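Here the structure is laid out as structure tokens; the discussion comes afterwards.
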Amino acid sequence: MEPWQTVLMTAGTTGIFTLLGVLLGSRLNARLDHAKWLREQKQQAYSSFLADSGLGNLDLILDGTILESEYLAKQLVHSQRITILAPIEITELAQDVVTVAKKIARKVGNLPKEEKARVLGGLGDEYTTAVGRLTFAMKLDLHKLPRRERLGVREYLKETAEP
């Protein structure tokens with residue numbers, strides 16, 4: 001093989017590997033940018049779900065305010081956003097929070113303040129548990145844990161549960 005052929009082969013090989021490196025790097029960068037954007041969108045949707053829709057404020061639930069059209073519209077918008085962005089497990093947990101909050105609001109919304117605690121009963125615990133499970137699942141989704149991408153939230157919780 002002549003020296004000029006060796007130079008051409010070396011230059012050609014270097015060019016091909018450089019081009020492959022650029023293409024793979026740009027693809028990886030695009031994937032990372034999308035993952036960052038998606039995480040930011042989820043974080044905003046998760047935080048606004050409980051805050052803006054009144055579902056995280058027990059006073060608004062107890063006085064029945066969350067059943068007013070303004071809050072129902074916000075709940076619908078935030079629920080739809082979570083449905084689009086979040087895994088199905090989080091969507092179901094979010095719906096559980098909405099259901100329990102509405103049950104509480106219907107049951108005690110028109111009662112005098114002193115009777116609300118008595119009538120509330122186990123619904124208060126059910127609400128606290130539903131919100132706790134939802135926020136925990138949201139944290140799991142935002143902070144990618146080992147094997148998290150291959151498991152759903154419920155499966156991960158089962159796998160990591162203490163025996």
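All of the numbers you see were taken from the coordinates with simple rules; none came from a lab. The structure presented is a predicted model; accordingly, all values stated were derived computationally and were not measured. Here the Cβ positions follow ideal geometry from the backbone for every residue, glycine too, while neighbour counts run over all protein chains shown.
Odds and ends about this structure:
- Cα→Cβ-extended label distance, 7 Å offset, between Thr83 and Lys139, nm: 2.8 nm
- Flagged links, alpha-carbon separation over 26 Å, of Lys36/Lys139; Lys74/Lys107; Lys36/Lys103; Lys42/Lys74; Lys74/Lys139: Lys36/Lys103
- Charge tally in the Cβ shell below 15 Å around Gly54, where Lys, Arg are +1 and Asp, Glu are -1, Gly54 excluded: -1
- With the simple model of a label 7 Å out from the Cα in the direction of the Cβ, Leu8 to Glu115 spans 9.6 nm.
- Estimated FRET transfer efficiency when R0 is 25 angstrom, pair Lys107-Ser69 (beta carbons, to 0.05): 0.80
- Relative contact order of the chain, taken over Cα pairs closer than 8 Å and 6 or more residues apart, is 20 percent.
- Taking other residues whose beta carbon is less than 14 angstrom from the beta carbon of Lys113, and scoring Lys, Arg as +1 and Asp, Glu as -1, yields -2.
- Contour excess over end-to-end distance, with Cα ends at Leu20 and Thr91 and 0.36 nm allotted per residue: 21.5 nm
- Using a Gaussian network model of the chain in which every pair of alpha carbons under 10 angstrom is joined by a spring, one finds that among Thr18, Thr128, Thr83 the greatest mean-square fluctuation is at Thr18.
- Within the listed set Gly64, Gly56, Gly21, the residue fluctuating most in the Gaussian network model of the chain (springs between alpha-carbon atoms under 10 angstrom) is Gly21.
- Where only DSSP H runs of four or more residues are counted, the chain gives -27000 deg cm²/dmol as its mean residue ellipticity at 222 nm, each run worth -39500 (n - 2.57).
- Computed from Cα atoms, the angle from the helix 88-108 axis to the main principal axis of the chain rounds to 20 degrees.
- Shape category assigned to region 38-80 from the gyration tensor of Cα positions, a/c cut at 1.5: oblate
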